């Protein structure tokens, strides 16, 4: 069974296709594991957001800023940039990616609780749209750095409205106990302080309550609390030009889940602010990319066990971390099922030396060794969260456009993983460290000789 909102994925004579290409052909050409994306799905998902905004009068002043953390491949960023999207970033590296992909810095908002000095400096030089400030200390740092550049930094405060998004605790970001944002009851005083700082320009109010929301009600609850704050700011003579309502709209990972319609979620929000002179920002990530991708993997072994059967595949938790990290569910389907193969219940696991290395548990599959499996809905937080644990090269990424397949990231080789590492010289030559003395240098050299 496949999620209903992956129309680019079809079976033809029993074989799974992405757009016009059969997955076995992709596996033969590019190997496995392999992340596969649909160009048509990515375009359709962004257009759905843009259409929902375009259909509403208040949407004319709205901007979609794609949350880069969901999937930061340059080809995807470039595609969205060409379609007019802005970007929500959480690091200096993501800013560098956006610029390398042809994105407009003037459409970038910079979120995240731990912005380093060099990152703030680079963002100011690039002239980003806005910093989403998450603490009083960060506000002071941005003011200081902007002062050294002779600039006024555009900022919003990320306000934590203490709204329960009814999602996994790890991705609930709007509660009081979350590390993110400024508590809403402290926001007014911090805005007043920000308005007095010489190198700060107050632009907006920002909020992001969590991820993978399947109910739109928490968005409206958060908005109502933000509007109270906006009214209080207006009374104090602090004009607010934009309202950033974040992202978090979920997708249907399971067959029994129903993803909310984009227009059904946005319309009430747009209605509520239609009489206000506000620009709007939305930061979808997962909703644009998750259902546009899958992870293609091959069965290496079938291993019967005591009470559990294992399907050992060549993908692992380093390729898709979500199941091990969150206990997240991804549908797993056979790419080309064979008639006559008996169905059994399997835990689909990888070769990594961790008991938590599983991609799916208790799955009914009719499979044999060397069969291909498609792990669905991996276009968000799949490759983006991948690692090289156990010295496993990260997978190739393929973009399918109609009947064409394009490599958008080459598969790593083992040598790539240790290319930046260096061996110690066979005879130690002490290198003076900052703040060291001749005596400590002798001790370092003596220790090196003993080793």
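Read-outs throughout are calculated quantities, based only on the coordinates presented, and are distinct from any laboratory measurement. Keep in mind that what you see is a predicted model, and the values were worked out from it rather than measured. Using ideal geometry, Cβ is built from the backbone for each residue, glycine included, and neighbour counts are taken over all protein chains shown.
Classify the chain from the C-alpha gyration tensor, please: rounded if a/c falls under 1.5, else prolate or oblate depending on whether a/b exceeds b/c. Each step should come with its number before you reach the end.
Details: a/c = 2.03, a/b = 1.19, b/c = 1.70.
Taking the square roots of the gyration eigenvalues as a ≥ b ≥ c, the chain is oblate.
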>> Quick check: pseudo-label points 7 Å beyond the Cα along Cα→Cβ at residue 11 and residue 343, how many nm apart are they?
In response: 1.1
> Label 7 Å along Cα→Cβ of residue 254; segment 335-375 residues with amide nitrogen under 19 Å?
Replying inline: 345-348, 358-365, 375
>> Testing the spin-label approximation: label points 7 Å from Cα along Cα→Cβ at residue 148 and residue 136. State their distance in nm.
In response: 2.4
> What order do you get for 112-121, 259-268 when each peptide is scored by the mean count of other beta carbon atoms within 10 Å, highest first?
Replying inline: 259-268, 112-121
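With r as the distance between the Cβ atoms of residue 56 and residue 29 and R0 = 51 Å, compute the FRET efficiency 1/(1 + (r/R0)^6) and round to 0.05.
Details: r = 44 Å, r/R0 = 0.86.
According to the calculation, E is roughly 0.70.
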> Rounded to the nearest 0.05, what FRET efficiency is calculated for residue 310 and residue 263 with R0 set to 51 Å and r the Cβ-Cβ distance?
Replying inline: 0.70
> Modelled label-to-label distance, residue 406 and residue 272, 7 Å Cα→beta-carbon offset: nm?
Replying inline: 3.9
> What is the gain in length, in nm to one decimal, between residue 389 and residue 366 on full extension, counting 0.36 nm per residue of separation less the C-alpha to C-alpha distance?
Replying inline: 5.3 nm
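Label segment 39-289 by shape, choosing from rounded, prolate and oblate, from the square roots a ≥ b ≥ c of the eigenvalues of the Cα gyration tensor; if a/c is under 1.5 it is rounded, and otherwise prolate applies when a/b is larger than b/c, oblate when it is not. Don't jump to the answer; show the numbers that get you there.
Numbers: a/c = 1.56, a/b = 1.21, b/c = 1.29.
Note, shape of segment 39-289 comes out oblate.
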>> Taking R0 as 41 Å, what FRET efficiency do you get between residue 220 and residue 100 from their Cβ-Cβ distance, rounded to the nearest 0.05?
In response: 0.65
